[in-house]
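The structure under discussion appears below in the form of structure tokens.
Any read-out appearing in this document is the output of simple, stated calculations on the displayed coordinates, not a laboratory observation. Not measured: the values here are computed from a predicted model. Cβ placement follows ideal geometry from the backbone for every residue including glycine, while neighbour counts extend to all protein chains displayed.
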Amino acid sequence: MTESRPDITPPSDPELVQLGAIGGHVVWADRAEEPLWLVMRDLGVSVCADGANGITRGNAARARELKIHIEPGASSVPLAAYHQGDRGRLPPGRIPLGLDAPENGLDRGRPVGWLVREDSPEGYIQPAGAPAPGYYMSTTALIDPRWRDTDARRYFDAAALPGFVLPGRGLGPWRVQLGDVALVQFGERRVWAQAFDVGPAGHMLELSIAACLALGIPDCARSGGTEKGVSITILPGSRKWFGPVVKPQPVDEINRAGIAAARAVGLRIGPQL
């Protein structure tokens, strides 16, 4: 995956104002009214696999890193989020088929992480010829409207694209929306990410598999993540740099829009690292 890691430097803390808090984490900004950027520091991270529908394929080594099943002799493995065979407790020794457990995508028993239609109350299953036959079609709030709901290309691919999840409506008062971009940092690594889904209120931060991989964070959706040490600088309204249609963007476009948006609001960007 192409990674852009610009040296982006918010002003020092005395120049920032405290706007509020999400999940016990302070939200800082450049100003109180209509802030141009938001900063949150020392966050824990959980890994989000939503939207991974098998378009991205991994080799056996990558599948082992993500702790998913590899068919004997298989040269590649579809990196897909949820498989119906992974419901409930897995038999001892049986490796998961999907990137995440289906029960993690339930809200009071109702699926929220994959497509449910009138003709498929248990969830739409990808058919033969789809990127990952037998897997659920995992959905994201950010979509590409050119494709129907049963087409994997409609959704943000968490296995390939760096993204972050909005905490319910927690950032809405500060004009943060789906499609906006943020710079995420862990140690010396940085990556631009796009807001691609909406998660539980107060939960900050969820990152896509690809974002975690770029940052050096354990990227297994079942057991990865980190307890602390991640900072995020969010640019409200930055989705406008993608054009009039808000949709998932390729990595190079996420990088381009992030750099352009940061420069437009006065964040200092140095040479590429």
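Evaluate E = 1/(1 + (r/R0)^6) for Asp151 and Ala264, where r is the Cβ-Cβ distance and R0 equals 30 Å; express this FRET efficiency to the nearest 0.05.
0.35
Divide the volume of the convex hull of the Cα atoms of the stretch 117-203 by its number of residues and quote the answer in cubic angstrom per residue.
141
Relative to the compact globular guide of 2.2 N^0.38 Å, what is the alpha carbon radius of gyration of the stretch 177-269, as a ratio?
1.07
Could you tell me how many degrees, from 0 to 90 and to the nearest 10, lie between the Cα long axis of helix 251-264 and the main elongation axis, the longest principal axis, of the Cα atoms of the chain?
20
Over all directions, what mean area does the Cα convex hull of the chain project, stated in square nanometres?
Working: hull surface 60.1 nm².
Mean projected area for the chain: 15.0 nm², to one decimal.
Just want the answer: with Cβ charges of +1 for Lys and Arg and -1 for Asp and Glu, which residue in Gln18, Pro111, Gly85 is farthest toward the dipole's positive end in the chain?
Towards the positive end, the residue furthest out is Gly85.
Which aspartates and glutamates, on any chain, are close to Lys247 with Cα under 16 Å apart, when same-chain ones fewer than 8 places away are left out?
Lys247 reaches Asp50, Asp144, Asp149, Asp151, Asp157, Asp180, Asp197.
Normalised by the empirical 2.2 N^0.38 Å for globular proteins, what value does the Cα Rg of the stretch 91-249 take?
So the stretch 91-249 has a normalised radius of gyration of 1.07.
May I ask you to compute the full-extension gain from Leu90 to Glu227, defined as 0.36 nm times their residue separation minus their alpha-carbon distance, rounded to one decimal in nm?
Full-extension gain reported as 46.7 nm.
Report Rg(Cα)/(2.2 N^0.38 Å) for the stretch 52-139, keeping two decimals. Don't jump to the answer; show the numbers that get you there.
Working: Rg = 12.9 Å, N = 88, 2.2 N^0.38 = 12.1 Å.
Computed over Cα atoms of the stretch 52-139, the ratio equals 1.07.
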